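J.: The structure's right below; bear with me while I get my questions together.
Please treat every number below as a calculation from the coordinates, not as lab data. Every value quoted in this text rests on a predicted model; they were computed, and no experiment measured them. Please note: Cβ atoms are built from the backbone with ideal geometry, for glycine as well, and neighbour counts cover all protein chains shown.
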Amino acid sequence: MATHHFRPTRYFNAIGVAEPCLRVADGDTVVTDTLDASGLDAREVAVGSRPNPMTGPFFIEGAEPGDTLAVRIDRLTPSRATGWTYSPLALTVLDPAAIIDRPPQQRAVWDIDRAAGTVRLREAVQGLEDFAPPIQPMIGCFGVAPAGGQALSTATSAQNGGNMDYRLFAPGTTAWFPVSVPGALFYLGDGHACQGDGEITGTGIETSFEMEVTFRVLKRKITWPRGETAEDIFTVGNARPLDQALQHATTEMSRWLGEDYGLDARAASHLMGQVVRYDVGNVFNPAFTVACRIAKRWLTRR
């Protein structure tokens, strides 16, 4: 189990089949650099282009179609002291009648204070002079090459992952992706120093990162992305409208409860009906994201 330090020189705006940037073994760790969503690197130099330029793809030896790639997010470290967001709220989250009063789009710069562990608007606006939320790094966009020779824009998401902008894709989480091509071909990028649920302004605090992840190949089949934290398991559906994303996530969770916890459809419904929690991921981009989450304290592995 080796640790690879990879410095990318090319980036991708679609997730699909491409020449691997690096081949790694099952169990290996990769430490690599990512750009912000607009293509700026750690020096704020534009070396990539919108949307969400990805580092990769990484070829994981032993990963075959029908397997699952487990990606443990070990560390997400902002590599510069600034990030940016847009305002106002996105059209997708406002009542139609409110859109006429929506102010013009504006880019704001945020200072990332790693010593204090906070982010702060560089030019404070009225009422937010003391607003300094904690740094909560997360990966906005990552995943594996999809099935059927597709190349999917990094602006959207699907069964292979992609631009999900889900806050629990953070250090300590292991994300699972269905493998559709040899080597899985894993991409990552679009790191956020902080973001609320839904990415409802179309951005988190976008900045460049050094990311560290560890790969494991699981000889099992899944249909939609899954994840695990110390406290929870969750499944992710990506689709539009929002109810379809919820349906995908719920169905995948019911499958998981049967596979690993011995619950048939009726038992799973009793459990899920009382303790399931739904989280909203991206509701800005072409496909929306919903996560179906259950606390591990309710589960007994069989």
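J.: Where does the Debye-calculated log10 I(q)/I(0) of segment 91-150 sit at q = 0.17, 0.27 Å⁻¹, using only Cα point scatterers of equal weight, no solvent?
T.: -0.87, -1.10
J.: Give the longest segment of the chain that steers clear of GluC sites (Glu not before Pro) in DSSP loops with at most 15 neighbouring Cβ atoms within 10 Å, not counting the sites themselves.
T.: Working: sites that count: Glu44, Glu61, Glu123, Glu129, Glu231.
Excluding the exposed sites themselves, the longest stretch runs over 130-230.
J.: I would also like to ask the following. I'd like the distance between the alpha-carbon centres of segment 52-114 and segment 229-286, rounded to an integer number of Å.
T.: That distance is 22 Å.
J.: Let me have the relative contact order for segment 216-275, percent, based on Cα pairs under 8 Å that are six or more residues apart. Working shown, then result.
T.: Details: 48 pairs, mean separation 12.2, N = 60.
Reported as a whole number, the value is 20 percent.
J.: Moving on to the next point. Evaluate the charge dipole of segment 198-302 about its Cα centre and quote only its size in Debye, nearest 20, assuming +1 on the Cβ of each Lys and Arg and -1 on the Cβ of each Asp and Glu.
T.: 600 debye
J.: For segment 33-39, in order, what is each residue's ³J(HN,Hα) by Karplus, 6.51 cos²θ - 1.76 cosθ + 1.60 with θ = phi - 60°, in whole Hz (x at glycine and Pro)?
T.: The phi angles translate into 9, 10, 8, 7, 4, 9, x Hz.
J.: Among His270, His248, His192, determine the one that fluctuates most according to a GNM of the chain built with springs between C-alpha atoms less than 10 Å apart.
T.: In this elastic network of the chain, the residue with the biggest mean-square fluctuation among His270, His248, His192 is His270.
J.: Charges on Cβ only, +1 for Lys and Arg, -1 for Asp and Glu, centred on the Cα centroid of segment 7-96; of Val31, Thr9, Thr55, which one is farthest towards the dipole's positive end?
T.: Among Val31, Thr9, Thr55, the one farthest towards the positive end of the dipole of segment 7-96 is Thr9.
J.: Find how many whole Å separate the alpha carbon centroid of segment 122-191 from the alpha carbon centroid of segment 1-36.
T.: 15 Å
J.: So if I take the alpha carbon set of segment 123-229, get Rg, then get Rh from the Kirkwood formula, what is the Rg over Rh ratio? Before the final figure, lay out the partial values.
T.: Details: Rg = 15.7 Å, Rh = 15.2 Å.
Result: Rg/Rh = 1.03.
J.: Over segment 36-170, what is the relative contact order in whole percent, taking alpha-carbon pairs under 8 Å and six or more residues apart? Before the final figure, lay out each step's value.
T.: Numbers: 161 pairs, mean separation 24.7, N = 135.
In percent, rounded to a whole number, it is 18.
J.: Can you give me the P(r) profile for segment 1-144? Cα pairs, bins 10 angstrom wide beginning at 0, each as a whole percent.
T.: Histogramming segment 1-144 at 10 Å steps yields 9, 30, 31, 20, 9, 1 percent.
J.: Right, next: With only alpha-carbon atoms counted, please give the Rg and Dmax of segment 1-86, in Å.
T.: 14.2, 41
J.: Please tell me the relative contact order of segment 181-230 in percent, rounded to the nearest whole number, where contacts are Cα pairs under 8 Å and at least six residues apart. Don't jump to the answer; show the numbers that get you there.
T.: Working: 21 pairs, mean separation 13.2, N = 50.
Normalised by residue count, the contact order of segment 181-230 is 26 percent.
J.: Now for a different question. Over 14 Å apart: what share of the alpha carbon pairs of segment 49-119 falls there, rounded to a whole percent? Intermediate results must be reported in sequence, preceding the final value.
T.: Working: 1946 of 2485 pairs.
I get 78 percent for the Cα pairs in segment 49-119 exceeding 14 Å.
J.: Could you check what % of the DSSP bridge pairs in the chain are antiparallel, to the nearest 5?
T.: On the way: 70 of 77 bridges.
Expressed as a percentage, antiparallel bridges in the chain total about 90.
J.: Could you check which residue among Gly189, Gly202, Gly143 shows the biggest mean-square fluctuation in a GNM of the chain with a 10 Å Cα cutoff?
T.: Sorting by GNM fluctuation, first place goes to Gly202.
J.: A follow-up question, please. Build a GNM of the chain with springs between Cα atoms under 10 Å: which of Ala37, Ala245, Ala184 gets the top mean-square fluctuation?
T.: Fluctuation is largest for Ala245.
J.: Taking 0.36 nm per residue of separation and subtracting the Cα-Cα distance, what length does fully extending Leu22 through Asp260 add? Show your work: numbers first, answer last.
T.: On the way: separation 238, 0.36 × 238 = 85.68 nm, distance 3.26 nm.
So the chain would gain 82.4 nm between Leu22 and Asp260.
J.: Lys/Arg Cβ at +1, Asp/Glu Cβ at -1, dipole of segment 61-219 taken about the Cα centre: which of Thr118, Pro88, Asn163 is farthest positive-ward?
T.: Comparing the listed Cα positions along the dipole, Asn163 ranks first.
J.: In addition: Where does segment 195-286 land on the Kirkwood hydrodynamic radius, alpha-carbon pairs, in angstrom?
T.: Values: mean 1/r = 0.0653 Å⁻¹.
After inverting the mean inverse Cα-Cα distance, the result is 15.3 Å.
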